[in-house]
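Below: the structure, in structure tokens.
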Amino acid sequence: MPQRLRHLAQLRRVRDRIDREYAQPLNVEALARGVHMSAGHLSREFRQAYGESPYSYLMTRRIERAMALLRRGDLSVTDVCFEVGCQSLGTFSTRFTELVGMPPSTYRSLAAEATAGMPSCVAKQVTRPVRNREARPTAPDVA
């Protein structure tokens, strides 16, 4: 049991690093090195613990932040893409559309109207993308 707890603590450190450094150039290999695992092992264990791969979790974090920046309305979609750490506007737009259900430019137009006058903390909760949509449900590990 102590080994499993240590392992979960390592995965939590990876998740926390993604949460903190989402705008930095991160990849699974670098994340794995930080907790002394192989990239494949980290990906499998992270998916088992959190229901999605480290890359998917990172992109969801970036899209959540992008949504907040687009709601503000003072940055272009391209500026938002690079601000949240994405290197490719095409990949950013595709992932944004998958998670949010509309392209970033459409979201920018509609979200400004929909959240007008709403406190930002409420707007963040109301507009949060659906996470784990592509993850298969797994039985909880109760051992």
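Nothing in this text is a laboratory measurement; each read-out follows from the coordinates by a stated rule. What you see is a predicted model, and the numbers here were worked out from it, not measured in a lab. Note that we place each Cβ from the backbone using ideal geometry, even for glycine, and neighbour counts take in every protein chain shown.
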Gln87 vs (1) closer than 16 Å to Gln24 by Cβ; (2) surrounded by 13 or more Cβ atoms within 10 Å (Cβ to Cβ): all pass except (2)
Within the stretch 78-92, how many residues are of a type in the set (S, T, N, Q), in a helix (DSSP H, G or I) and over 14 Å from the mean Cα position of the chain (by Cα)? 1
Being small (Gly, Ala, Ser), closer than 24 Å to Val80 by Cα and in contact with a helix residue (DSSP H, G or I) (Cβ under 6 Å, 6 or more places away or on another chain) is the filter here; which residues of the stretch 11-56 pass it? Ser53
Subset of the stretch 51-77 [under 10 Å from the mean Cα position of the chain (by Cα) and more than 28 Å from Arg13 (Cα to Cα)]: none
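Going by what's in this entry, would Ser38 be described as within 20 Å of Ala111 (Cβ to Cβ) and surrounded by fewer than 14 Cβ atoms within 10 Å (Cβ to Cβ)?
Numbers: within 20 Å of Ala111 (Cβ to Cβ): no; surrounded by fewer than 14 Cβ atoms within 10 Å (Cβ to Cβ): yes.
It is false that Ser38 is within 20 Å of Ala111 (Cβ to Cβ) and surrounded by fewer than 14 Cβ atoms within 10 Å (Cβ to Cβ).
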